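Single-structure report; data block below.
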Amino acid sequence: MFKIGIGPSSSHTLGPWRAAQQFVLSLATKQSLASVSEVKVLLYGSLAKTGLGHGTDIAVQLGLGGYDPVTMDVDTVLPIITAIATEKRLLLGGEKLVSFDPVNDVLFLSGESLPAHPNAVSFQAFFDDGSAITETYYSIGGGFVLKEGESAENRETLVDLPFPIDNADGLLHWCRKTGLKISEVVFENELAWRNEQEVHNGILNIFRVMKECMFKGCYTKGVLPGGLNVTRRAAALNKRLLGDQQINNFDEWVTAIRKTGSSFQNILDWVSCFALAVNEENASFGRVVTAPTNGAAGVIPAVLQYYVAFCNGYNDDKIIQFLLTASEIGCIFKKGATISAAMGGCQAEIGVSSAMAAAALTECLGGSQRQVLMAAEIAMEHHLGMTCDPIGGLVQVPCIERNTMGAIKAITASQLALQSNPENAKVSLDAVIRTMWLTALDMNSKYKETADGGLAINVPISLPEC
């Protein structure tokens, strides 16, 4: 559920990037990279309509070039892309120079869609002997990719989970039967794939990327790329809240934040600052964690940082508990509905991330299993129907501010759940997930990350965000 990658979009950047990597691996397995003379990329549907704003063309070039979004230096992204455009050549898989002109070889087929999914990309390779091969991939949300002809089931490693879970009722069943917290149930399932130390290290590495992204975003000024001329706000807000203090690292930053007080207005400002920082980094091709997507990457770090700074939750065990709980809620939404804005609108991104954060915060604050699920339900209930209508096809307006709203709603949902008796709840988490999916099916495609409706057509891109 949590993937480390580069912004600005999990479905439009990270997914196509991973698809390009898979295609290169397929070529190396079936043929030989040495025999490839030329490659082309065909983008369909939502990938075509908002691909430029989401950096899809950049992502596929880097994937074809053998770069990995988890490890590559983010400061080298634009120089590499500039070099490819200038030289009109690409080092396929880091091994074979092939002819490649991004203007002619990355085709945005905005008038065409493939039936399986709105996020489709086809890769074509032409060989020295005159033959060619084409493979099609679908970016299904959150950085997940499926090759045409495959299903999610046959891509997964088959293991016997101690607690198989398909929905919220199933999760609650295991909690009742075992007496375990939701995070403890998830942890036991994780042990089916890796040992305890690997689970701990993996989760703490995810948190490391989150906090580095947040900290960097709070100390980086400037204007976001893409043409909207949106000014970064996190750094200015961070400075206004802390003054001219000299801060050298994340730990010092947390200490300084705590000293600013816990008034309602102060906490609101800080939560907004945390979320803004992450998504401004995301919009700038920075390294982020999909949570569950790049467009919603700021919600969970912001709520987790709220817990760290204002609820005395800064220890490894609590970080692990928070992220384990959040991940399971995200998985349930992915199984029962979608985490792709191209499939479900922004309710599938900000709504799901808010539900994940609300659940995690509730468990860490001592809520019962049913209160945890209630918090997730409340958060999503008040995101139902949210459209995805990015201005200019960029993950900036209204996306960045929506992360602040999702974080605040998550905290509110958690507080409501903690002060409520779940026995009196009228709506279950499974019911709200079903409703979200039905809403997604009814939603007009122009409100599903196509930039064909809503704010994307009603706000001139020359106007500032605020």
Per principal axis, largest first, the Cα atoms of the stretch 274-420 extend in Å by 43, 29, 22
The longest stretch of the chain containing none of the trypsin sites (Lys or Arg not before Pro) that sit in a DSSP loop with at most 15 other Cβ atoms within 10 Å is 260-425
If each K or R counts +1 and each D or E counts -1, the residues other than Ala132 whose Cβ falls under 15 Å of its Cβ total -3
Averaging 1/r across every pair of distinct alpha carbons in the stretch 335-379 and inverting yields a Kirkwood hydrodynamic radius, in angstrom, of 10.7
Here the FRET efficiency for Ser99 versus Asn424, based on Cβ atoms and R0 = 56 Å and rounded to 0.05, is 0.25
Net charge near Pro102 (other residues with Cβ under 9 Å of its Cβ; Lys, Arg +1; Asp, Glu -1) is -2
Quarter of the surface of the C-alpha convex hull for the stretch 126-269, i.e. direction-averaged projected area in nm², equals 16.9
With the charge dipole of the chain built from beta-carbon charges (+1 for Lys and Arg, -1 for Asp and Glu) about the Cα centre, the Cα from Ala417, Thr290, Ser26 projecting farthest to the positive end belongs to Ala417
Taking the convex hull of the alpha-carbon atoms of the chain and averaging its shadow over every direction gives an area in square nanometres of 21.9
Against the 2.2 N^0.38 Å rule of thumb, the C-alpha Rg of the stretch 399-466 sits at a ratio of 1.55
Kirkwood-based Rg/Rh on the Cα set of the stretch 264-313 evaluates to 1.00
Here the relative contact order (percent) of the chain, from C-alpha pairs under 8 Å and at least 6 apart, is 18
Yeah, the stretch 6-74 with a ≥ b ≥ c from its alpha-carbon gyration tensor (a/c under 1.5 is rounded, else prolate when a/b outruns b/c, oblate otherwise) is oblate
In terms of the charge dipole of the chain, which places +1 on Lys and Arg and -1 on Asp and Glu at the beta carbon, the residue among Ile457, Val41, Leu268 farthest towards the positive end is Leu268
In this structure, among Lys239/Lys448; Lys96/Lys211; Lys177/Lys426; Lys177/Lys448, pairs with alpha-carbon gaps over 29 Å are Lys239/Lys448; Lys96/Lys211; Lys177/Lys448
Chymotrypsin sites (Phe, Trp or Tyr not before Pro) in the stretch 196-245 lying in a DSSP loop, each with at most 15 other Cβ atoms within 10 Å of its Cβ, come to Tyr219
Here, Ala28 and Arg194, labelled 7 Å along Cα→Cβ, have an inter-label distance in nm of 2.2
In debye to the nearest 20, the charge dipole size for the stretch 1-81, taken about the Cα centre with +1 at each Lys and Arg Cβ and -1 at each Asp and Glu Cβ, equals 320
In degrees rounded to 10, the 0-90 angle between helix 196-217 Cα long axis and the longest Cα principal axis of the chain is 80
Rounded to the nearest Å, the spacing of the alpha-carbon centers of the stretch 390-450 and the stretch 247-275 is 25
If one compares the long axis through the Cα atoms of helix 316-336 with the longest principal axis of the Cα atoms of the chain, the angle in degrees, nearest 10, works out at 60
Relative contact order as a percentage, the stretch 345-412, C-alpha pairs under 8 Å and 6+ apart, gives 45
Taking Cα atoms only, helix 299-310 is inclined relative to the longest principal axis of the chain by an angle, in degrees rounded to 10, of 40
Result for the chain: accessible area per residue, probe 1.4 angstrom, in square angstrom, of 40
For the Thr178, Glu150 Cβ pair and Förster radius 35 Å, calculated FRET efficiency rounded to 0.05 is 0.55
Taking protein heavy atoms only, a 1.4 Å probe, and rounding to whole percent, the accessible area of the stretch 292-398 owed to carbon and sulfur comes out at 47
The aspartates and glutamates whose Cα lies under 18 Å from the Cα of Lys40, excluding any fewer than 8 residues away in the same chain, are Asp57, Glu87, Glu95, Asp101, Asp105, Glu112, Asp128, Asp129, Glu135, Glu148
On the accessible surface of the stretch 1-144, probed at 1.4 Å with all protein chains in place, carbon and sulfur together account for a percent value of 55
In vacuo Debye sum over C-alpha of the stretch 28-132, base-10 log of normalised intensity I(q)/I(0) at q = 0.22 Å⁻¹, listed in q order, is -1.24
Listed by chain and number, the aspartates and glutamates with an alpha carbon less than 14 angstrom from that of Lys334, same-chain partners under 8 positions apart left out, are Glu153, Asp166, Glu349, Asp430
Magnitude of the Cβ-charge dipole (Lys and Arg +1, Asp and Glu -1) of the stretch 335-466 about the Cα centre, nearest 20 debye, reported as 160
For the stretch 184-232, the accessible surface attributable to carbon and sulfur atoms (probe 1.4 angstrom, ligands and nucleic acids excluded) amounts in percent to 49
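The values are calculated or read from the model by the stated rules, or taken from the named source; none is laboratory data. Because the structure is predicted, anything quoted here is derived from the model rather than measured. Cβ coordinates were reconstructed from backbone atoms using ideal geometry, including for glycine residues, and neighbour counts include every protein chain displayed. In case anyone asks, the SASA skips ligands and DNA or RNA and just uses the protein heavy atoms, side chains included. Shrake-Rupley method; radii C 1.70, N 1.55, O 1.52, S 1.80 Å.
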